[in-house]
Amino acid sequence: MRNYLIFIQSILLGLFLAFGAHAQTIKNPGILVHAADDEATTLDPAQVEAGEGGETVILQVYDRLLEFGPSGPELIPGLATTVPTLDNGMISADGMTYTFKIREGAVFHDGTDLTAEDVKFSWDRIVEMDLPEGQAGVISDIVAETSVIDDYTFQVTLAERSASFLNSTVVSMAASIVSKDAVMANGGVVEGEPNEYMAQNAVGSGPYKLKAWNRGENILLDINENYWGEKAKLAARIEIGAEPDVRVLGLRAGNYDTIETDPSFVADIEGADGVTLHTGGLLLEPIHVGFNLNIPEGSLPKEDTIPTDFFHDPRIRQAFNYAFDYEAFLYGPLAGFGEFNPHYLPIGIFGHDANAPVYGAQDKAKAEALFREAGYWDKGFSVSVITEESNLFADAALVLKDSIEGLSPKFRINVLAVAEAVFDEAHAQNPVEYAMWVKNADPFADPHPYMSAYQHPDGEWGEVHGFANGYRNPEKIAELIDGASTELDVVKRAAMYSELQTLLFDDPMWLITAQEGVTMAYRSWVKGFEMNPLWPRPSLRFSYLDK
Amino acid sequence: MDQDGTSNSNSFSNRLIASVEDLKVYFHSKKGLLHSVDGVSFDIVDGEIMGLVGETGCGKSVTARSFMQLVQTPPGVIAGGKIRFKSKKTGNQIVDLLSLTENQIRELRGERIAMIFQDPGKALNPGLTIRAQIAEVFQEHRENDVFEKAKLSHVLKGFIGVVLKKYMRQETNLFIRLLLFFPPIRSYKKKLDKAIDKLVTEALAETQIPNPEKVMERYPHELSGGMKQRVMIAQAIACNPDLLIADEPTTALDVIVQARILDLIKELQKRHKTSVLYISHDLSLVRKICDRVAVMFAGKIVETGNSDDIFKNPKHPYTKGLIRASFMTHERGKLEEIDGINAT
Amino acid sequence: MQIKDYIIRRLMILPFLILGTSIIVFALTRIGGSPIGIYLSHEMNPAEVQEMKERFHLDKPVPIQYFYWIKGVFQGDLGWSGVASAPVVDVFPKKFAATMELAIAAGIVAVSLGIAMGTFAGARRNKLSDHIIRVVSVSGASMPLFWFSILLLIVFWVWLGWFPIGRSDPNLFEAIAHPTGFYTIDAVIAGNFAAFKDAIWHLVMPAVALGYGATAIIARMMRSSLIEELQEDYVDAAKAKGLAENVVLKKHARRNALVPTVTVIGLTFGFLLQGTVVAEIIFRWPGLGRWMAAAVLRGDQATIMTYVMFTSILFLIVNLVVDVIYANLDRRVELGD
Amino acid sequence: MALVDQKKIIENEPIYDSAFKVRLTRNLEILSNVLANPTTVIGLIIVILMISMALFAPIITEPNTPDPYQMPRDWKAARSAPFTPGHILGTTNRGGDVFYGVVWGARTSLKLSLLVVSLTLVVGVIIGSIAGIAGGKIDEVLMRIVDVFLSIPELIFALAIAAILGPSFTNIILALVVVFWVKYARIMRAQVIRIKQREYVDAAKIMGASNLQIYLKDILPNSFSPVMVQATLDMGNIVLVGATLSFIGLSEAGIAEWGVLVSEGQAGISAGRWWASTFPGLMVFLWALAFNLVGDGLRDVFDPRTETKR
């Protein structure tokens, strides 16, 4: 017995001596440790979903023809040596043909040279594979034909004129350039089937090489010494799936250099020693509450008392928009980091009209009046809102619950915070079997994708959710959106979007809770910090950073 | 070693091996202090079989356990009295068993005073072989003999001796065990084991156990009740003690086995000239083997005397009742007992 | 009954138990609806969803799906884990080794500490040390692991910085080969002391957190069975032989008190295994538990199925082993049903 | 020696006397034995405090409308320290009042444990009784099913089920019921088989009692003590497992439940906001501790093995 005690004592003493007192110097020198939220599901540009963990890696490991610069939406050359414009003649006068001069001397990680052939192959590959989970549409919706002019010249012909081709297609992670040799040597291209090799390995030309992917643990990136541009200064390690609290604790302890942050963390990070909080600017992913105007009969949860055409009435949609406690959401969960922005053109995007009318503040009287007018004030209603659990979306749903239930005791909102997969499945149904949900938009650099995806009556969501059933004048809205997308005159285009915003104020299809502010926490020893919300999460290019 | 000087030494005559004087043992229980043994005095004459009789719960077992300081304290309290004991093999020193230190009493236990328990099924460790259990006695008290028998006396001094002694006293730790694994200590250890085997076999043989080498390797649950009690006896007399305390050694056994065990105890007692304190609730049994008897009732001795005298001429009413009660069982037992003996 | 017969009988029942478990678990996973969600994104259209369903046979009736699953199991295909972005079989061995390493470490902590504490307390019944150990052990069994782990994390990782979280320093981890998957053993094989120290270092916090509850359970059982044994006649008989207190305690009483404790140790294994889920989440241990937790939250049913099945098989085998050990240790009982 | 005699009388109590009076006196004695253990009494006091807190929750704090089991959220007062006016134990990240969560969490826990224990007890006792009384093939089949359920560690099983059913408090209850009934079935079956063989059951049979009568009058009451011990222990365990499931993220959003609160509050600890997870965590601990202490006390009394020798 005594032996045990002595043993334990000596162990504790040993521990203390060995690790009790070590100085607070830069931890993990030579390597950037980033704590991420999600595991990557795939590293294949042809398979990766927008906004998914794999994009974080693809951004660092692969190159694209053009990139977004360190801050803001301006484009800088990537593998293409110049950004095509009408002026330099690389965009044809009709706006249909784009020419890219490919950088000479770029080399893939496997040692092979990068040529225009690889570029064409990469673009064609994603269209040919056309994986349901991937983003083939980013290219196939807009590109009619790709061609190799010579070893270092690549040309694209569009299907129709587009104001957003460069800053939504060319820079997309889906348009990353992969090594043709590597793909052909490992499974080739098969329609409708993922390429397992590419999903788990990365043969790109970017500043980083994939060293190891320990699932559920970390992804290790090595510096690509043969990079054509400025070499990365630090190797990188992405810690996967760190819960918010672990991320915060790790950052405070100096074990992590950068962490994926959302505004709800700020209170936990502010004032911590050796930690810098980068704020300012806004993310381009408005958090929205969706209304379903296309509810299949008998599909709603049994607590719901609303009729299926509940949201066809614009007054009810307006009433929800008036009832929401924007301040509670912005100053509560978002900790003040963000903007009131209740319409679907985010601040910072071309076409956003600061003078357009917005909801922005809770107005219970107007909400009550509209509910009375629509005939639900005395009747009351109960409706379920589906969301992913334990994140800002759940908070937004709870604020919605508190706002609506605070209006009248006859109103009930049931928050169904479900697993991500359940949410995704519910969300992917057509028609969706829930009346409301909370989610955010995907970021774009151009107003058109927002408008077509989220407002157009025949757009991606408009079709699924039956927007045509609810708009006071769906034709007018469709016409405006379509017109703006092909309008190359900047002033005219801006006016069209401004008009749209006014129309959509009177006839809202979403409840935009807020536009989330940029918050990014990193150890103060990290040098050269740059972030751009247009880069995939966490909006960092590790190669810029040093410590 | 006699703790108290002159006053009592007079009363301890040379004839005696042990003497209990005004022993008081109490127990704390939920319902108050229980006077389990309340002023008991009796002597055990050297070489005799002394009987201690009384019904279950009257305090006889507690008295017996007091000899070895085996009464659990708490809840027990030794409230007073002395148990004086003459240790023949160490120059007839007279000691008070109750006031010995833990180490002192340990030297006596198993060596000078041994005990046979009521239920051999419970008193043998179910997890150890018979060999291991008997060997312990030799390992503890006969270290020199074992070394001599193994012809290893020469290694006793020095490092190897220390290791082997630790092994004998079962004070091994991981380090010692590791050492024992390597030659030459390993071979010494084997020799020691062999010597112990021999001693154990001899002890078992003495209790007329057939095939002691095989029995030795068995576990208690593989043996019959009678065999187990023989093992207990072998273990008790292994060191040839001065005083053997037999606490109802036959109660848990059936009648035929009872008789054999009784005979065995008596025979061994004669051969080794051991004194025996024989505890029983059965007066007729006691009469058969005991020279003298003390009758105990409710924590007190009510009558002491020659066993035949007490049986023929009981003075205390309790004794009378006890005799009447045991007479019937005795008669029944006797018939079966005779049959049993004839049959073998 | 002979031990051999008993084992054979139990081994014969084992496949049926496993089959039963698989049916129950599979049925349950399908009650909640199709597991397609993990493979979908909100941007897919119905045709694409249908395509995904076909890829994973989820367009078939449930019994057929079960058949596909069983068929897959026999072919060494446990499905595609949406959480790990890889086939379950590819990821499983690594995670399994990590979890086992943690569970075994915690088990070693629990068994050695539990037996020591239980013996210590039992031998000093109703003394101060006994009371302290009793309080510790009762509180251990009631302590929410998630809470205790958080406290450890705060104190030893954030405040004191003594112990790291995660499983290893990735650089050291990458530096050695991993033939067994047990990082400590791999480090020994590689003869890399730094890696070995690193492995032990990372194990300390989760193993202690996880082991605490089990320690409590074992200590409690050990204490009560030791007290029981100390009241047996053979203990008095051993004392009557003149043996030292320590020998009586260790060789006689403790040995027998260990017998019922062994069964509890078997149960403790289940306790440890399920505790890994919480401990691995909090300490970022890249094992099965953490994977399972992620799978649970994201509806990754291939992983859930595999994990539950595997855990229960492991649990059954451990229990069988424990029974056999128990039978070998305890001379008083014969094996029965 | 009067005490010894009394002990003998208790031991020799005629076992076929099934009269109510004997049972009552025995119960009273059991009660006094239970209360003799100070740790049990401490446990009992905590249990009573916890349950009163749960029962009087609407009086202690004003219930949130319309759903009192939802935390009242004052978003703008999020992350207030303890002793802020109106928030004696501070607030959570969502501005939920921690004191409200602690109090109503007790009610949630009581609801959870009572529902699960009573449901599992009924299911388990019925199945165990059927297996024990019927014997033969029915017994064999039922026990194999029980074996299958027992072969999956309970938290993992509950986790899997709760995950599949989707995150909600009701689903946690369901999952725990599916997992916890087995123990009762096992205990009950063993008891029934043991008691079936006792003399008084034979005696009752000879007296012409029907099987149901025997079951209700003799077997059921006499087999209840181990079931009750298990139920008491489970009252604590279930809250522990339930809180763990909530912690992992399987409960409803915004509900007043201790595990949810700990999980919500853990990130704040490093920033010095210890209160949001410490108090609810402490409550889970105390709740489990109290029921464990009482359960242990009961087991000590009911289980003759731990009765100490003189």
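Taking the empirical scaling 2.2 N^0.38 Å for compact globular proteins as reference, region D:72-158 has a Cα radius of gyration ratio of 1.86.
If a spin label sat at a point 7 angstrom from the Cα of D:Arg198 along the line to its beta carbon, the backbone N atoms of region D:220-237 nearer than 17 Å would be those of D:220-229. The mean count of C-beta atoms from other chains within 10 Å of the C-beta of residues in B:232-243, rounded to a whole number, is 1. For the set B:Lys60/B:Lys86; A:Lys401/C:Lys60; A:Lys209/C:Lys71; A:Lys211/C:Lys71; C:Lys94/D:Lys183, the pairs lying more than 28 angstrom apart at their alpha carbons are A:Lys401/C:Lys60; A:Lys209/C:Lys71; A:Lys211/C:Lys71; C:Lys94/D:Lys183. Give me the angle, in degrees from 0 to 90, between the Cα long axis of helix D:20-35 and the longest principal axis of the Cα atoms of chain D, rounded to the nearest 10. Taking the Cα atoms of chain D, the angle to D:20-35 is about 40 degrees. From the square roots a ≥ b ≥ c of the eigenvalues of the alpha-carbon gyration tensor of chain A, which class results: rounded (a/c under 1.5), prolate (a/b over b/c), or oblate? It comes out oblate by the Cα gyration axes. I want to make sure I understand the PRE zone here: with the label point 7 angstrom from the Cα of B:Ile160 toward its beta carbon, which residues in region B:182-216 have backbone N atoms less than 19 Å away? Taking a point 7 Å out along Cα→Cβ of B:Ile160, the residues of region B:182-216 whose backbone N falls under 19 Å are B:182-196. Between D:Tyr100, D:Tyr200, D:Tyr184, the residue with the greatest mean-square fluctuation in the GNM of chain D (Cα pairs under 10 Å linked by springs) is D:Tyr200. Pairs of Cα atoms nearer than 8 Å and 6+ residues apart set the relative contact order; for chain A it is 19 percent.
Taking a ≥ b ≥ c as the square roots of the eigenvalues of the alpha-carbon gyration tensor, region B:130-215 is classed prolate because a/c is 1.5 or more and a/b outweighs b/c.
Determine the alpha carbon to alpha carbon distance for each of D:Lys137/D:Lys217; B:Lys149/B:Lys190; B:Lys88/B:Lys273 and list only those over 21 Å. Cα-Cα > 21 Å for D:Lys137/D:Lys217; rest within. What angle do you read, to the nearest 10 degrees and between 0 and 90, between the alpha-carbon axis of helix B:130-141 and the longest principal axis of chain B? Once rounded, one gets 90 degrees. Segment A:Ala354..A:His278, full-extension length gain: 24.9 nm, with 0.36 nm per residue of separation and the alpha-carbon distance subtracted. Take the Cβ atoms of B:Lys214 and B:Lys300, set R0 to 60 Å, and the FRET efficiency comes out at 0.80. Which of the three applies to the protein assembly as shown, rounded, prolate or oblate, going by the alpha-carbon gyration tensor with a ≥ b ≥ c and a/c under 1.5 meaning rounded? The shape class here is prolate.
Find the relative contact order for region C:52-136 and round it to a whole percent, using C-alpha pairs within less than 8 Å whose residues are 6+ positions apart. After rounding, I find 11 percent. The orientation-averaged projected area of the convex hull spanned by the Cα atoms of chain B comes to 19.9 nm². Placing dummy labels 7 Å off each Cα toward the beta-carbon, the span from A:Val107 to B:Glu202 is 8.9 nm. Rounded to 0.05, the FRET efficiency of the C:Glu54 and D:Ala81 pair, given R0 = 45 Å and the Cβ-Cβ distance, is 0.20. Nearest 10 degrees is fine. How inclined is helix B:159-168 to the longest principal axis of chain B, computing both from alpha carbons? Tilt of helix B:159-168: around 30 degrees. Projecting label points 7 angstrom from Cα along Cα→Cβ for C:Lys127 and A:Lys492 puts them 9.8 nm apart. Treating r as the C-beta distance of B:Ser224 and C:His178 and R0 as 45 Å, the FRET efficiency rounds to 0.20. Around the Cα centre of region A:63-144, unit charges on the Cβ atoms of Lys, Arg, Asp and Glu (plus for the first two, minus for the last two) sum to a dipole of about 200 debye. For region D:48-309, the normalised intensity computed at q = 0.08, 0.13 Å⁻¹ comes to -0.41, -0.87 (log10 of I(q)/I(0), Debye sum over alpha carbons, equal scatterers, no solvent).
Averaged over the residues of peptide B:98-111, the number of Cβ atoms from other protein chains lying within 10 Å of each residue's Cβ is 2. Working ranking of peptides D:106-118, B:283-295 by packing, defined as the average number of other Cβ atoms within 10 Å per residue, highest first, is B:283-295, D:106-118. Just to be sure I understand: with springs between alpha-carbon atoms less than 10 Å apart, which residue in C:Thr268, C:Thr180, C:Thr29 has the highest mean-square fluctuation in the Gaussian network model of chain C? So, out of C:Thr268, C:Thr180, C:Thr29, the one fluctuating most is C:Thr180. Result for chain C in a Gaussian network model with C-alpha springs under 10 Å: among C:Gly242, C:Gly299, C:Gly76, the largest mean-square fluctuation is at C:Gly242.
Sequentially through region C:228-242, phi angles give Karplus couplings (6.51, -1.76, 1.60; θ = phi - 60°) of 4, 5, 5, 8, 6, 4, 5, 5, 4, 4, 5, 5, 5, 7, x Hz, Gly and Pro residues having no value and appearing as x.
Any read-out appearing in this document is the output of simple, stated calculations on the displayed coordinates, not a laboratory observation. Just so we're clear, the structure is a prediction, and the values are computed from it rather than from any experiment. Here Cβ is always computed from backbone atoms with ideal geometry, including for glycine, and neighbour counts include all displayed protein chains.
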